[in-house]
Amino acid sequence: MKTGRREGSGELIFKDEVYQIVGAAMEVSNHLGCGFLEAVYQEALSLEFAERHIPYVQQKRIQITYKDTILQKHYVADFLCYEQIIVEIKALKQLTSIDEAQILNYLKATGHPVGVLLNFGSPKLEWERYANTSRISVHSRSFAVHQPGRQK
């Protein structure tokens with residue numbers, strides 16, 4: 001299984017950019033702690049992104065296509081950073097497979113290479129990095145998850 005690394009190297013794609021995003025999220029988490037609504041963390045994170053000069057679009061609308069037709073229904077990602085990295089935030093006691101499916105669907109719908117799922121709902125920030133490792137066609141995609149501190 002591919003792991004979201006550059007072809008022919010052991011380097012994670014968008015490694016530095018994800019590091020900057022997670023660093024901003026850690027600052028928000030350290031300052032606010034847990035217990036706030038998701039909207040509070042989203043607003044604080046947008047301020048932190050701006051302060052750190054991380055390019056972002058907030059509440060990025062994601063179009064969904066079905067057989068080459070754009071559907072009226074759409075997703076809204078919390079952030080799109082560096083024009084390539086989808087950032088989804090949560091304020092939950094624990095992340096679930098539903099949260100993972102959400103970011104994977106965002107990656108599938110957009111074809112963007114990397115997604116970051118941030119959870120501010122526990123005493124220590126939780127985050128996971130997702131790589132859309134096969135961006136060849138809309139109907140054939142594979143994904144990999146990078147979870148810091150876990151062995152594969």
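Compared with the direct C-alpha span, the chain from Lys93 to Glu43 gains 16.0 nm at full extension, assuming 0.36 nm per residue.
Footprinting exposure proxy ranking of Asp99, Asp68, fewest other C-beta atoms within 10 angstrom first, gives Asp68, Asp99. Seen from Leu92, the other residues with C-beta closer than 15 Å to its C-beta sum to a net charge of -4, counting Lys and Arg as +1 and Asp and Glu as -1.
The modelled label-to-label distance between His31 and Thr69, using points 7 Å beyond Cα along the C-beta direction, is 4.7 nm.
Ordered from longest to shortest, the equivalent ellipsoid semi-axes for the range 67-111 are 21, 14, 9 Å, each the square root of 5 times a Cα gyration tensor eigenvalue. The ratio of the alpha-carbon radius of gyration of the range 15-146 to the globular-protein estimate 2.2 N^0.38 Å is 1.03.
With 25 Å as the limit on Cα-Cα distance, the pairs of Lys60/Lys108; Lys15/Lys60; Lys15/Lys124; Lys15/Lys73; Lys15/Lys93; Lys67/Lys90 that go past it are Lys15/Lys73; Lys15/Lys93; Lys67/Lys90. Each peptide in 51-62, 85-96, 70-81 receives the mean, over its residues, of other Cβ atoms within 10 Å, and ordering these scores from highest gives 85-96, 70-81, 51-62.
Laboratory data are not the source of any read-out in this text; all were calculated from the coordinates shown. This one's a predicted model, so the numbers in the text were calculated from it and none came from an experiment. Every residue, glycine as well, gets a Cβ built from its backbone with ideal geometry; the counts of neighbours run over all protein chains shown.
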